[in-house]
Each structure stands twice: as C-alpha cells, then as structure tokens.
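What follows draws every value from the coordinates through simple rules; no lab data is involved. Treat the numbers as computed from the prediction; the structure is a model and nothing was measured. Glycine also receives a Cβ, built like all others from the backbone with ideal geometry; neighbour counts cover every protein chain displayed.
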C-alpha cells in the first residue's frame, strides 16, 4: 500500500480507534450472550464452511499436504476460547501447532484450551512483529473468520498478514465487505475489488478474490480472499487511502459510507484509490 500523507494517517488512526471500540463492545456483548450479538464459540465445521478454498482444497486438505514440521496455523480473531482452532489441532492428533490472536481485553474469566496458544494483542502490531521473525518461526497457514469486518483498514491488515506468512504459506479470509473497503479509480469512480486480483496476478501473486454474502447487517456483499506466498516475499497493494472530501464527497458527523455499521452511525471518511 502506498504511503499516506500525515493528514490521511491521522484520519486512519482515528477510524481504527473507532472500529476497535466498536469491536470491543461487540465482543463483550457476545461474551454476555446479549441478544443479537455474534456467536462467540464457532466450531471448526462452521469455520471451514465459511472459509474460501484454495483451488478447491479446504484448509484442512491444504494442511494435510504440508510436511509435518510445517504444520503451523494462526487463527486471526480466534476469540478467547479458540474453539475452532482447538478442534483443528485435535483433528490432527496434536501433530500441528496452533495459535490464535484475539482482542487484548483484560477479562478475569478469559481462558483457552490447553492444546493451543492465544495471544491477546492488537492484530496489526502482532503481525508486524511476526514478519520480523525467521521464516521457520512464521505460520504456514493463517485464516480469519468474521474478524476482518471489524477493521478500519482491512487491506492494510491483509498486506501485513501476507508479509508474516512463511514462504509457500497460505492465507484464507472469509469476508471483507465491499462497503467497508470502498475502492475507486483515480477519477473517483467505483471499482470492483476483484480488479485487484488481476493486478496482483500480473505482478506474480497467487491470489483469488471471491464474492460471498456478508452476514453482518443483512445481505451485504463481501469478498473472500485466498492467497499463497509463492515467491513474492512481501505484498504491496497498488492502492492508497484518500479522504472522501478530496473527491468532492461531502461528509459531516451525521453522514457515513454505507457500511455494516450503518445503524451505529459510524462515520467513514476514507476510501481506497487504485493505482
């Protein structure tokens, strides 16, 4: 992703803080079983059903094809209980190593299964640190279900996740909302996010964007993403963040992009510009 000027970076940080606050409130509601909140303890079957496939192969099929010493998996947004991740490790008779990343909530009753590790840390900070580790210390598979919807800069996190994979590793993401990552051309016209797929293929990346029906806020279109790190050590997406007002779109505190957070009145001012 292209560097942003200081004003855009300040806006990005403001949006990230607002999205994080919303995610924390929603996580606490889920833990308390508040009606209408998300399901906190998703099973492995549910996760596999939601994830995209790599050339028709599910995450577990891809995992079986890896050498035993490379069977390391990271669940981005595992939740405190890491139910699906624990079941995945158990299904391989403990022959894979699993870790999950979840919100850094200070909760006295937080616990997780003994066969996995759970890291309570900001996902972007964790991924930046992981990318600085030796290749053999990085995961061969990363997956994320129902987590990217809570990110103010999902393409930025996608880039960080790819960069933190081991070489030859796989990344599975179930959904990034079109309304959450509005993509426009240099003239300000809407662009289908799948245009990124063709651009990345031309640059040598192994990536597939698929259309899925987002589950947050009703029938909202979303895009699944699956990538393999096939020789390209780092991912630099050909996009930059721009302020809507720079494109002549009037925004005030009562206006916002049509996002899954519409009923919460969350103001969004940033767009992704392709090229």
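Key figures for this structure:
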read-out	value
Sorted peptide list for 44-52, 223-231, criterion being average Cβ within 10 angstrom, highest first	223-231, 44-52
Difference of contour (0.36 nm per residue) and Cα-Cα distance, residue 57 to residue 69	2.3 nm
The stretch 6-274: relative contact order in percent, alpha carbon pairs under 8 Å with at least 6 residues between	17
Cα pair count fraction exceeding 23 Å, expressed as % - the stretch 6-274	52
Computed label-point distance, nm, for sites residue 14 and residue 221 using a 7 Å Cα→Cβ extension	2.9
FRET efficiency, 1/(1 + (r/R0)^6) with R0 41 Å, evaluated for residue 30 and residue 198 via beta carbons	0.65
By average C-beta atoms within 10 angstrom, highest first, the peptides 4-13, 191-200, 135-144	135-144, 191-200, 4-13
